[in-house]
Structure formats: structure tokens, C-alpha cells
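Please read the structure below before turning to the comments.
The values are calculated or read from the model by the stated rules, or taken from the named source; none is laboratory data. Here the structure is a predicted model, which means the values were calculated and not measured. Because the Cβ atoms are built from the backbone with ideal geometry, glycine has one as well, and the counts that use them run over all protein chains shown.
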Amino acid sequence: MKPAPFEYHAPESLPEALALLSELGDEAKVLAGGQSLIPVLALRLTVFANLVDIGRIAELAGIERRNGSLRIGATTTEAAVGADAQVASSVPLLARATPLIGHFQIRNRGTLGGSIAHADPAAEYPAVALTLDATMEVASPGGRREIAAGDFFDGLWSTTMAPDEMLTAVRFPVWGGRCGFGVEEFARRHGDFAMAGATVALEVDEADKVKRCAIGLIGLGSTPLRAGGAESAAVGSSAREIDAAEIGRRAVDGLESVPADLHGSASYRRRVGAEMVSRAWAAASKEACGE
Amino acid sequence: MSERSVRMTVNGEVRQASVEPRLTLADFLREKCHLTGTHLGCEHGVCGACTVMVDGAAVRSCLAFAVQADGAEVTTIEGIAHPDGELSAVQAAFRDCHGLQCGFCTPGFVVSVTAFLRDNPGPSDEEVLDALSGNLCRCTGYQGIIRAVHQAAGTLREAAGA
């Protein structure tokens, strides 16, 4: 339960951090809040010769509204996200998903960027980012670029960032109009990783027809997933007439790599997932229609 | 691997030591500061026994390295009672309500609850359960702990109103 020895680096600026990551290559790992990394180091599931602590880089933390989106710095803690009035009003899905992350002591240190860069398919923020089509801002010594959430998660705990790139901020689009949002999870114990979960965002027009919608799936594959088939089936239909249970069934239809372990078989998780989608959809639909 | 010098304020006292970067904050407090009230159960962030406050926020000290807390203000269970030794409202409530038996998990509970009630002085039953969910107790069955939180909340509210 003690991590293997490593060298510790605490850069105070982004260029310094990027230079270190580039120089150290595969030997280095970024340390943000450490709430995922330190347990795996303690259990010696992984070993790194160098940790680059980005917690002292002031410019990486903070929340600001920029045109049509809310930009959240990578080292902003989950507690800060959960307590922020702008997040609650502009990106309600993110605010509502936050209390489902671990426990309050974990959220006091865990960061938004850390959770998303760690890319755990059972975690909340990666699914929210994918559902809302967030934009990842990444930086390397060569410059900055943006990656769409849909192109960001490419496998279990794996992203399309290059080894010398670092996630610096995430921009969440602010949905306007008649919108509703829902997030539901099932876990055996409060604060555990969900066995399955779902995130839903939807917008209806004046006649309560679904204008656009997004359904995210938590813990039902090797990455967070979107239920594209169920989404396109719902667009154009009257939100009041849509059967939420049918949306749920459709959302898990055709999933190929549902995990199975001693906590539940793939078929069980699939059924739990369908129910979570159904509940999240019902809540989002109710909110959007102003019921 | 090279050691680094860290300096932090623990319960109001400045502590400085040269440490390996891999030394957790929990081990720093126990081994370098000899403050053994912070208990280590699981050492990977599950049990909550090692909870301390870092700059006022309750955190798991097994999930932080001492080097990350360089410059921080840390409060451990030893810093919770009043300076004259009188128990804090939370500690007294745990005693009165049988909120502890063997006492192993108690420091983590007391620190967590102290931070929780500071931020939420009038919690609902559900909020209390949610706040306690990050700490494990294998003796009490939790009922005494839940009563202790409500009693402490009442005592603190009275004190604030007085």
C-alpha cells in the first residue's frame, strides 16, 4: 500500500509543465488531484519514475463563461464545480452529476480535468462531456489544439491525446431554449463506481417536439458511449408521447462490450442501463416540457 | 530518489521535514509529526479513517503526498478539541450518543463531520447520510454516529445563536 519511489516535479507555469512532460516522455505522469492516480500507485498497479504535479499552476483552475460555452480549467476541483452558481445555471447536467462522484472528501481534491483525462468509462464527467459535445483544450510544447469529446475517448482509460499533450481546459456548450437534463446511476453503495448509468440532455420546441437530444451511457463499454440510435429515433417526436422505457431499451440495443465482473453480468448491466436511461429521459423530458 | 523539503502548518504549529516524494500526507503526519491520531485503514481512499483538513477542506490524507501539501494548513484530529482540552461539540456528541466503539474510524468521522457541519449547519437526514457515506465504521452500525451528527448540529447552532 505504499507507492514505489518517484521523482516529483511541481512546475508553476504551463510551459514549464509541458517542457517537463516532453522531456520525460513515457517515464512521466501528470498528477492533478490524485484521487484516481494515487490509489493505483498505492496498489502498485502502475509505476511512474516521475510525477508532474500541475496543482500549483494557477492558470489551470477556474470557471468562466465565454460566448456560448462554459470553460472550466483542468485543475478546477469537483467541489468547486459542484458549488459554482454558473455551472448550476448554464450546464445543469454537470452540476447534477457532481454529487454522484465518490464522496465529498474525494471531490475536495479530485479535479474535472483529471477525471476526464483519466477516461474511466464508469466515471461521471467523461460521460457528461461526451453527452454535451464538450471541447477539450489540450496543449503540448508544439502548441495548442482542440479535440471534440466524440474524438477524445478511444479505449479503457485511454484518450487520443499524444504523450506530450496535456488537457488544460474543457468547454461545455450552454444549451438554451426549452431544455431538460437528467443523470441516473445505480451503484451498490453510495459513492461506488456505477454498475450502469445514463446522462440525458434534451430540447423541445414550442409544440413539445424533441428538437435535439443526447443520451450518454456510463459503465456500459470500454469508453463512455452515446446512444445514437435512440437519439435519432426520438428527434421530431412529441416528448409527451415518447415512451421512456422504449428509449431505454433502444439505447442499450446493440451494445457490444458491456463489462461483466463479480458485481454483475453483462446482461444484468444492460438491463440496469436501460432503466437508468429511462429514468434520466423521463426526468429530462419532464423538465423540458415544464411539467 | 531525491528527498524534498516540505513545510506546513499542522494544528497551528509549523512542521518541516525532508521527505521522499512518495510519502503520503498520512504517513508524514504519523511518522514525521508523531500525530498518530490520524489512522490508516485501507490506504487507498476507501475507508476514510485518515481524513484530515487541508486548508479547511476535509480530504483523505492517504490520497495526497506530503509534497503536495507543502505550504498548506493542516488540521488533524489532535487539533479539533478546544486548546484547554475540552471536547469540541462534535467530539462530545460522539461520546454522548455512543458514536464510537473501538474508536479506529472515529478520527476520520470527527474530522469529516466537523467540516461538514461548518459548511452545512442545518443538514437534513438525507444530507447527513450522504456526508457520512465516505467513512466506514465496522462496530457501531452507524445509528449512534447519525444521532451524534444531529446532536452536534443542534449544539453548534445554539452556540452560534447565543
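The table that follows gives values for the structure above.
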read-out	value
Of residues in the range B:122-131 being surrounded by 12 or more Cβ atoms within 10 Å (Cβ to Cβ) and more than 10 Å from chain A (Cβ to nearest Cβ), the one farthest from B:Cys47 (Cα to Cα)	B:Pro123
Options A:Leu255, A:Leu220, A:Leu202: the member that is in a loop (DSSP other than H, G, I, E, B) and surrounded by 24 or more Cβ atoms within 10 Å (Cβ to Cβ)	A:Leu220
For B:Val90: the one exception among (1) β-branched (Val, Ile, Thr); (2) closer than 24 Å to B:Arg138 by Cα; (3) within 14 Å of chain A (Cβ to nearest Cβ)	(3)
Among the residues listed as A:Glu241, A:Glu231, the single one being in a loop (DSSP other than H, G, I, E, B), more than 17 Å from the chain's Cα centre (by Cα) and on the phi < 0 side of the Ramachandran plot	A:Glu241
Failed item in (1) over 28 Å from B:Ala26 (Cα atoms); (2) within 11 Å of another protein chain (Cβ to nearest Cβ), with A:Pro5 passing the rest	(1)
Yes/no for A:Gln105 being surrounded by 24 or more Cβ atoms within 10 Å (Cβ to Cβ), outside any loop (DSSP other than H, G, I, E, B) and free of Cβ contacts under 8 Å to residues at least 24 places away in the same chain	yes
Residues of the range A:39-49 classified as more than 10 Å from chain B (Cβ to nearest Cβ) and touching a residue at least 24 places away in the same chain (Cβ under 8 Å), total	3
Residue in the range A:86-93 that is out of contact with any strand residue (DSSP E or B) (no Cβ under 9 Å at 6 or more places or on another chain), in contact (Cβ under 8 Å) with a residue 40 or more places away in the chain and surrounded by fewer than 20 Cβ atoms within 10 Å (Cβ to Cβ) present	no
Residues within the range A:241-286 that are modelled with pLDDT of 95 or more, farther than 17 Å from A:Val183 by Cα and out of contact with any helix residue (DSSP H, G or I) (no Cβ under 8 Å at 6 or more places or on another chain), tallied	7
Exclusive hit being within 14 Å of another protein chain (Cβ to nearest Cβ), among the β-branched types (Val, Ile, Thr) and more than 25 Å from B:Thr24 (Cβ to Cβ), set A:Thr75, A:Thr98	A:Thr98
Residue in the range B:71-91 that is assigned to a helix (DSSP H, G or I), farther than 18 Å from B:Asp119 by Cβ and more than 14 Å from the chain's Cα centre (by Cα) present	no
Index of the failed condition, B:Ala115 passing every other in (1) away from every other protein chain (no Cβ under 14 Å); (2) closer than 25 Å to B:Cys33 by Cβ; (3) part of a helix (DSSP H, G or I)	(1)
Residues of the range A:55-71 satisfying the condition of being small (Gly, Ala, Ser) and either more than 14 Å from every other protein chain (Cβ to nearest Cβ) or loosely packed, with under 13 Cβ neighbours inside 10 Å (or both)	A:Ala58, A:Gly62, A:Gly68, A:Ser69
Among (1) more than 12 Å from every other protein chain (Cβ to nearest Cβ); (2) closer than 25 Å to A:Arg189 by Cα; (3) in contact with a helix residue (DSSP H, G or I) (Cβ under 9 Å, 6 or more places away or on another chain) - the single one B:Gly134 does not satisfy	(1)
Pairs, first closer than 24 Å to A:Asn50 by Cβ and more than 14 Å from chain A (Cβ to nearest Cβ) in the range B:9-33, second of a type in the set (S, T, N, Q) and surrounded by fewer than 21 Cβ atoms within 10 Å (Cβ to Cβ), C-beta under 8 Å, six or more apart	B:Ala17/B:Ser5
Among (1) farther than 14 Å from A:Pro39 by Cβ; (2) within 12 Å of another protein chain (Cβ to nearest Cβ), the one test that B:Cys62 misses	(1)
Exclusive hit being without any contact (Cβ under 8 Å) to a residue 40 or more places away in the chain, surrounded by 22 or more Cβ atoms within 10 Å (Cβ to Cβ), of a type in the set (S, T, N, Q) and more than 10 Å from chain A (Cβ to nearest Cβ), set B:Thr76, B:Thr106, B:Thr36	B:Thr106
B:Ala49 in a helix (DSSP H, G or I) and more than 10 Å from chain A (Cβ to nearest Cβ)	no
Test set (1) among the small types (Gly, Ala, Ser); (2) under 28 Å from B:Lys32 (Cα atoms); (3) within 14 Å of chain A (Cβ to nearest Cβ) - B:Gly85 fails condition number	(3)
A:Val52 being aliphatic (A, V, I, L, M), in contact (Cβ under 8 Å) with a residue 24 or more places away in the chain and away from chain B (no Cβ under 13 Å)	no
Matching residues, the range A:19-38, being surrounded by 22 or more Cβ atoms within 10 Å (Cβ to Cβ), hydrophobic (A, V, I, L, M, F, W, C) and either more than 14 Å from chain B (Cβ to nearest Cβ) or in a loop (DSSP other than H, G, I, E, B) (or both)	A:Leu21, A:Ala32
